[in-house]
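Colleague: Handing you this structure, nothing more for now.
No value in this document is a laboratory result; all are computed from the given coordinates. All values reported here derive from a predicted model rather than from experimental measurement. Because the Cβ atoms are built from the backbone with ideal geometry, glycine has one as well, and the counts that use them run over all protein chains shown.
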Amino acid sequence: MKRLQKKPFKVFKPEKIFVFGWVFLAVILISSLFVYRPWCSMFCPFGLVGWFFEKISIFKIKVNYETCIACESCAKSCPSTAMESILKREKTIVDCYSSATCLDACPTGSISFGTGKRDLPPAGKYDGKKKKE
């Protein structure tokens, strides 16, 4: 019996893989103009699962704006930019991984886990902070 000789590099077409890689990268970069973190929300399994559980979770980080003194200690202690987004509500709220560093950092205890929708900050609460920077 004649043995078939396989040529391993005939199976893979490096030039096609190279072109596919550049097209995929271009799609990710262009979609990032319209979608926040497209790789994490569309392709990464960890990001997709994390996003899903954050959306269906009944507990969320909440801010009591009546007792908040706008020192932003919570935002500075957060390992991601989630607390700044939650605190000011100026942009898309990024994934909060519930590390609870913001709970420990708040000097007035204004940050808590709670149920329901997050409140909007009072108008002008953080304007003084922006003018100083």
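Colleague: In the stretch 20-133, how many lysine pairs have Cα atoms under 14 Å apart, counting only pairs 8 or more places apart or on different chains?
Modeller: 9
Colleague: Continuing with this model, one more query. Given a Förster distance of 25 angstrom, what is the FRET efficiency for Cys44 paired with Arg118, based on the Cβ-Cβ distance and rounded to 0.05?
Modeller: About 0.50, to the nearest 0.05.
Colleague: If you bin every alpha carbon distance in the stretch 57-133 into 5 Å steps from zero, what whole percent lands in each bin?
Modeller: Calculated P(r), rounded to whole percents: 3, 17, 28, 30, 17, 5, 1, 0.
Colleague: Follow-up question, since we're still on this one. Expressed as a whole number of Å, what is the distance separating the alpha-carbon centroids of the stretch 15-72 and the stretch 99-124?
Modeller: For the stretch 99-124 versus the stretch 15-72, the Cα centre distance is 22 Å.
Colleague: Quick one: length gained pulling Glu66 to Leu25 fully straight, 0.36 nm per residue minus the C-alpha distance?
Modeller: So the extension gain works out to 10.2 nm.
Colleague: Testing the spin-label approximation: label points 7 Å from Cα along Cα→Cβ at Lys55 and Ile17. State their distance in nm.
Modeller: 3.4 nm
Colleague: Another question about this same structure. Using 0.36 nm per residue of separation minus the Cα-Cα distance, give me the extension gain between Asp104 and Lys76 in nm, one decimal.
Modeller: 8.9 nm
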